[in-house]
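Working notes, structure below.
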């Protein structure tokens, strides 16, 4: 089975590309969704994160407030590193298990969306890497639409490698700067090359 990693800049369209892959019948796993599930009260990681960062990260219902936690860790590199040490090894294990299951099912390809793949040094196990990129102005507008302040956005951008470096490292680049149709056409070209269809 071919293993495709999808990475890129924040608010560049990684989830859009993931949806398009699903629409084409390919299995897709999102590392962010795995990480969010680990923060649920039913997960053993919940107690570790709460102990590490304190009860002030909890909402009134006792659930970890991801917005509050995000603002805290993206304003403090040390806290972000501490959270990553709790979360990333488990997320990595889960997507490896997911890929193994898809391989056992006979899927020709499995794709995993990993925003911080290069940053955490997990770029070696893939058949290929796709970087999804977008103009900086489009990124900024999408972040505003998510309700993030300029400070929120700046903190997240600081935590990521420059988009230009990710584009240079990747095997393929999909540029999400115009229409959804243009993204779809680029994805089809990538798949044709990647899957060896001539």
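The values are calculated or read from the model by the stated rules, or taken from the named source; none is laboratory data. Remember, it's a predicted structure, so these values are computed and weren't measured experimentally. With ideal geometry, Cβ positions are generated from the backbone for all residues, glycine too; neighbour counts draw on all protein chains shown.
Structural remarks
- The one condition from (1) under 22 Å from residue 17 (Cα atoms); (2) not in a loop (DSSP other than H, G, I, E, B) that residue 123 does not meet is (2).
- Of everything in region 157-172 that is under 15 Å from the mean Cα position of the chain (by Cα) and at pLDDT below 90, the residue that is farthest from residue 17 (Cα to Cα) is 159.
- The set of residues from region 33-48 being in contact with a helix residue (DSSP H, G or I) (Cβ under 8 Å, 6 or more places away or on another chain), under 13 Å from residue 88 (Cα atoms) and assigned to a helix (DSSP H, G or I) comprises 34, 35, 36, 38, 45.
- Taking the conditions (1) farther than 13 Å from residue 12 by Cα; (2) in contact with a helix residue (DSSP H, G or I) (Cβ under 8 Å, 6 or more places away or on another chain); (3) modelled with pLDDT under 90; (4) not in a loop (DSSP other than H, G, I, E, B) in turn, residue 154 satisfies each one other than (2).
- Look at (1) in a helix (DSSP H, G or I); (2) crowded, with 18+ Cβ neighbours inside 10 Å and you find that residue 51 fails only one, number (2).
- Of all residues in region 167-180, those that are over 19 Å from residue 129 (Cα atoms) have Cβ atoms under 6 Å from Cβ atoms of residues that are assigned to a loop (DSSP other than H, G, I, E, B), 6 or more apart or on another chain, in 177/134; 177/135.
- Scanning region 54-81 for residues that are touching a residue at least 12 places away in the same chain (Cβ under 8 Å) and over 25 Å from residue 8 (Cβ atoms) turns up 56, 57, 62, 63, 64, 68.
- Candidates 111, 101, 75: the one that is over 15 Å from the mean Cα position of the chain (by Cα) and modelled with pLDDT of 95 or more is 101.
- Selection from region 107-123 of residues that are over 19 Å from residue 158 (Cβ atoms) and either free of Cβ contacts under 8 Å to residues at least 12 places away in the same chain or surrounded by 18 or more Cβ atoms within 10 Å (Cβ to Cβ) (or both): 109, 110, 111, 112, 113, 122
- Test: residue in region 10-23 that is touching a strand residue (DSSP E or B) at 6+ places or on another chain (Cβ under 9 Å), surrounded by fewer than 16 Cβ atoms within 10 Å (Cβ to Cβ), in a helix (DSSP H, G or I) and without any contact (Cβ under 8 Å) to a residue 40 or more places away in the chain: yes
- Residue 189 being assigned to a helix (DSSP H, G or I) and modelled with pLDDT under 90: no
Quick grid of which residues meet (1) touching a helix residue (DSSP H, G or I) at 6+ places or on another chain (Cβ under 7 Å); (2) in a strand (DSSP E or B); (3) under 30 Å from residue 192 (Cβ atoms):
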{"residue": "72", "(1), (2), (3)": "yes, no, no"}
{"residue": "81", "(1), (2), (3)": "no, no, no"}
{"residue": "85", "(1), (2), (3)": "no, no, no"}
{"residue": "90", "(1), (2), (3)": "yes, no, no"}
{"residue": "95", "(1), (2), (3)": "yes, no, yes"}
{"residue": "102", "(1), (2), (3)": "no, no, yes"}
{"residue": "110", "(1), (2), (3)": "yes, yes, yes"}
{"residue": "116", "(1), (2), (3)": "no, no, yes"}
